[in-house]
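Nothing in this text is a laboratory measurement; each read-out follows from the coordinates by a stated rule. Treat the numbers as computed from the prediction; the structure is a model and nothing was measured. No Cβ is skipped: glycine too gets one built from the backbone with ideal geometry, and neighbour counts run over all protein chains shown.
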C-alpha cells in the first residue's frame, strides 16, 4: 500500500512539473505584437537560415503546423537582431516575392547545413543561389532583393524580433503575447508542446470573454 501511495504521489508530482511554467518554458513578450489575423490565434516562428537549431526544428515544426486547428494561423518571420542576418532575411522575402518560397525554403536550409555550399552572411552568394535554384533571370532576383518593399519587410522583421524579447532562434511567438523557444523549453518538441499549452489557454480565455459579453 505504501509503495502504491508513493507511486501515485510521484505521478502527481511529475504531472505538476510537466505543466509549462511562466518564466521558465515560456514568458511574456517584451511588448505586445499586433497579429495580422486578430480573429485567430497567430503563431510566429522567428528563425534564421544560418541557424543549425532552426534547421533541426523544420521537420517537427512542419508536422506540428499540419495539425493546427482552424482557429490557429502560422507564419514565419526571419530573425533580424543585427545586420549580419540580413542576407538570409532578404533571401526569404525575395523568394516569397518571386513565388518560389515553398519550393526553395527547405533546400536553402540544406544548402547551408548539409551541403555547406552557402555562406548565410553573404548576400551575393544568396542571390547566386536563388537565381540558380529558381531558374529565374538574375536581374529579376536582384530586383527582388533590392526592392522598396524589401526595406519595409526587413524593418517589420527587426521590430518583431525586438518586441518579442527573443534572445535567439528558433523562437515561437504565440498571439503576440507569449514567447517560447527550444532553449527555454529544453528542446524543439517541448517548445511545440509548450506552444500547444499556451494556445489552449488563450482559446479558453477567449471563450470566457465571449461568454461574459453575452451576459
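Under the definition of Cα pairs under 8 Å and six or more residues apart, what whole-number percent is the relative contact order of the chain?
That works out to 32 percent.
Would you please classify the overall shape of region 90-151 from the alpha carbon gyration tensor, given that a ≥ b ≥ c denote the square roots of the eigenvalues, rounded means a/c under 1.5, and beyond that prolate means a/b larger than b/c while oblate covers the rest?
Because a/c hits 1.5 or more and a/b exceeds b/c, region 90-151 counts as prolate.
In degrees between 0 and 90, to the nearest 10, how far off the longest principal axis of the chain does helix 123-134 point, with axes built from Cα atoms?
Around 90 degrees separate the two axes.
Tell me, 172, 154 in order of fewest to most beta-carbon neighbours within 10 Å?
154, 172
At residue 200 and residue 183, where each label point lies 7 Å from the Cα along Cα→Cβ, what is the point-to-point distance in nanometres?
Each label point lies 7 Å from its Cα, and together they span 2.7 nm.
Based on alpha-carbon centroids, what's the gap between region 84-145 and region 148-215 in Å, whole number please?
Using only Cα atoms, the two centres lie 26 Å from each other.
Using the alpha-carbon atoms, what tilt in degrees (0 to 90, nearest 10) does helix 188-214 show relative to the longest principal axis of the chain?
Orientation of helix 188-214: about 70 degrees from the principal axis.
With everything on Cα atoms, drop me the angle between helix 52-66 and the longest principal axis of the chain, reported from 0 to 90° to the nearest 10.
Value to nearest ten degrees: 70.
Wrap a convex hull around the Cα atoms of the chain, take a quarter of its surface area, and give that in square nanometres.
For the chain, the mean projected area of the Cα convex hull comes to 15.8 nm².
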